[in-house]
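Here the structure is laid out as structure tokens; the discussion comes afterwards.
The values are calculated or read from the model by the stated rules, or taken from the named source; none is laboratory data. Just so we're clear, the structure is a prediction, and the values are computed from it rather than from any experiment. So basically every Cβ, Gly included, is an ideal-geometry build from the backbone, and we count neighbours across all protein chains shown.
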Amino acid sequence: MDEQQLIIKAKEGDLQAFNHLVLTYQEVVYNCSYRILSDPAGACDITQDTFITAYQKIDKFKNGSFKAWLLRVATNKCLDEIRRQKRHPNTALEPLTNDDQETFDSPYWLTDDTPLPEEQLSQSELNQAVQDCLARLPEDFRSIVVMVDMQEMNYSETAQIIGIPLGTIKSRLARARKRLQDCLQRFSELLPSQFRFNQEEQ
């Protein structure tokens, strides 16, 4: 079945059809959540909550992009979690190891399973640098960068997901990119072949 047929079946209560949708989009939802939260455990929770909400409310999905609908749910949950953490500052935004040290380990699917050792180290360093700089952005900037430059959503989809005007998306994205570029200058030797901002018109 194609995606539209799966959605129809899921609306009828077919759990197997919905599970196919979960398998299709779980990595996308996790990756988005991780990039916004900088917390693997938190991203797992958001991913699970997103699909629970999607299953409960799938009858409200009418048409358009199912991916965009899922990412809207996930992004809203991430922003709610960030606000909750700000109200409880003792809760670290970054994940902690067993030794209470901050870590920025990346999701396993962001790395190739078969790189050379030096390539693996370089990719790991870049992932850490990108995530560190993302975490320094205000959440309203961070979510837009994640949508456009990492999830490769267009401006209209991003505006729909986040719920703000198209012009605001463009202005915030430009400012967010500038902040990220400034932050990543420390790692400029890693950037040319491995990281590109999505500069094309959306």
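Only residues that are crowded, with 20+ Cβ neighbours inside 10 Å and either among the small types (Gly, Ala, Ser) or on the phi > 0 side of the Ramachandran plot (or both) were counted across segment 130-151, and they come to 1.
For segment 14-55, the tally of residues that are among the aliphatic types (A, V, I, L, M) and over 11 Å from the mean Cα position of the chain (by Cα) stands at 8. Based on what the data block shows, is Ile161 in contact (Cβ under 8 Å) with a residue 40 or more places away in the chain, surrounded by 16 or more Cβ atoms within 10 Å (Cβ to Cβ) and either at positive phi or of a type in the set (Val, Ile, Thr) (or both)? For Ile161, the condition - in contact (Cβ under 8 Å) with a residue 40 or more places away in the chain, surrounded by 16 or more Cβ atoms within 10 Å (Cβ to Cβ) and either at positive phi or of a type in the set (Val, Ile, Thr) (or both) - is met.
State yes or no: is Thr24 surrounded by fewer than 20 Cβ atoms within 10 Å (Cβ to Cβ) and either modelled with pLDDT under 95 or in a helix (DSSP H, G or I) (or both)? Considered against the rule, which asks whether it is surrounded by fewer than 20 Cβ atoms within 10 Å (Cβ to Cβ) and either modelled with pLDDT under 95 or in a helix (DSSP H, G or I) (or both), Thr24 comes out as yes. Within segment 64-78, residues that are free of Cβ contacts under 8 Å to residues at least 24 places away in the same chain sit with their Cβ atoms under 7 Å from residues that are assigned to a helix (DSSP H, G or I), at 6+ positions apart or across chains, in these pairs: Val73/Thr50; Val73/Thr53; Val73/Ala54.
Against the condition surrounded by 14 or more Cβ atoms within 10 Å (Cβ to Cβ) and modelled with pLDDT under 85, how does Pro89 come out, does it pass? Spelling it out, it is not the case that Pro89 is surrounded by 14 or more Cβ atoms within 10 Å (Cβ to Cβ) and modelled with pLDDT under 85.
For segment 34-47, a tally of residues being within 15 Å of Leu137 (Cα to Cα) and of a type in the set (Gly, Ala, Ser) returns 1. Assess whether Leu180 counts as being buried (at least 16 other Cβ atoms within 10 Å of the Cβ), part of a loop (DSSP other than H, G, I, E, B) and at pLDDT 50 or above. No; evaluated as a whole, the condition is false for this residue.
Return yes or no: is Ser33 modelled with pLDDT under 90 and of a type outside the set (A, V, I, L, M, F, W, C)? It is false that Ser33 is modelled with pLDDT under 90 and of a type outside the set (A, V, I, L, M, F, W, C). Restricting Asp39, Asp2 to those that are at pLDDT below 95, crowded, with 21+ Cβ neighbours inside 10 Å and acidic (Asp, Glu) reduces the list to Asp39. Just to check your reading of the model, which residue among Gln194, Gln151 is modelled with pLDDT under 75 and not small (Gly, Ala, Ser)? Only one candidate passes the filter, namely Gln194. Evaluate segment 54-66: report whether one residue or more is of a type in the set (Phe, Trp, Tyr), at pLDDT 90 or above and over 30 Å from Ile8 (Cβ atoms). No, because not a single residue in segment 54-66 is of a type in the set (Phe, Trp, Tyr), at pLDDT 90 or above and over 30 Å from Ile8 (Cβ atoms).
Scanning segment 48-80 for residues that are within 18 Å of Glu139 (Cα to Cα) and crowded, with 19+ Cβ neighbours inside 10 Å gives Leu71, Arg72, Val73, Ala74, Thr75, Lys77, Cys78.
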